[in-house]
1. Return the residues of region 110-141 that are of a type in the set (Lys, Arg) and assigned to a strand (DSSP E or B); say none if nothing qualifies.
2. Pick from Ile136, Ile78: which is surrounded by 13 or more Cβ atoms within 10 Å (Cβ to Cβ), within 20 Å of Glu47 (Cα to Cα), of a type in the set (A, V, I, L, M) and in contact (Cβ under 8 Å) with a residue 60 or more places away in the chain?
3. Would it be correct to say that Gln94 is exposed (fewer than 15 other Cβ atoms within 10 Å of the Cβ), within 18 Å of the chain's Cα centre (by Cα) and among the polar types (S, T, N, Q)?
4. Just for region 112-133: of the residues that are surrounded by fewer than 15 Cβ atoms within 10 Å (Cβ to Cβ) and touching a residue at least 60 places away in the same chain (Cβ under 8 Å), which one is nearest to Glu81 (Cα to Cα)?
5. Would you mind finding the one in Ala126, Ala110, Ala105 that is aliphatic (A, V, I, L, M) and out of contact with any Lys or Arg (no Cβ under 9 Å at 6 or more places or on another chain)?
6. Being in a loop (DSSP other than H, G, I, E, B) and touching a Ser or Thr at 6+ places or on another chain (Cβ under 7 Å) is the filter here; which residues of region 75-94 pass it?
7. Which of the numbered conditions does Gly112 fail, given that it passes all the others? Conditions: (1) more than 13 Å from the chain's Cα centre (by Cα); (2) within 14 Å of Ser134 (Cα to Cα).
8. Going by the conditions given, is Gly72 small (Gly, Ala, Ser), closer than 17 Å to Gln33 by Cα and at pLDDT 95 or above?
Amino acid sequence: MKFQGRFLSLLFSAALSVSAWAQGANQPPSAAQGVYFVAPADGATIEGPVKVQFGVKGMVVKPAGEIVEGTGHHHLLINVEGTPKGDTVPADAQHLHFGKGQTEAELKLAPGVYKLTMQFADGHHASYGPEMSSTITVTVK
């Protein structure tokens, strides 16, 4: 009986720890579909290089090239506004494409404050719009 009591106490402590961790972590959107930053956390102060991890809910990550309903790939927009729905995400130093289906990247950013927007788009880089984007702000030391 003592073992069972200790086990339940340990289980309860673990559940509290996981709950506390989850409250501080980036979470999937509550909607049926959406994108989110697994890392870094919004408002984080970090040292470079910056490791960015992308999450998606309700759709499947698929490399660019072919349009398949319910699929797409990530783009990372740095200090620029999101791409309107249906518009092609530009390809330049502020619009990074992850057309091979990557779900993480390492960025070399100079010290400063950055607005990072993840934009999900179809196989031809046409934006799914604000419903499939997420923005965070980070400070790089």
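The values are calculated or read from the model by the stated rules, or taken from the named source; none is laboratory data. Since we're looking at a predicted model, the values are computed, not measured. Neighbour counts run over all protein chains shown; Cβ positions are idealised from the backbone, glycine included.
1. Listed by number, the list holds a single entry, Lys115.
2. Ile136
3. Yes, satisfied.
4. Glu131
5. Ala110
6. Hits for region 75-94 are Gly82, Thr83, Pro84, Lys85, Gly86, Asp87, Val89.
7. Gly112 satisfies all of (1) more than 13 Å from the chain's Cα centre (by Cα); (2) within 14 Å of Ser134 (Cα to Cα) except (2).
8. Yes: the conditions hold for Gly72.
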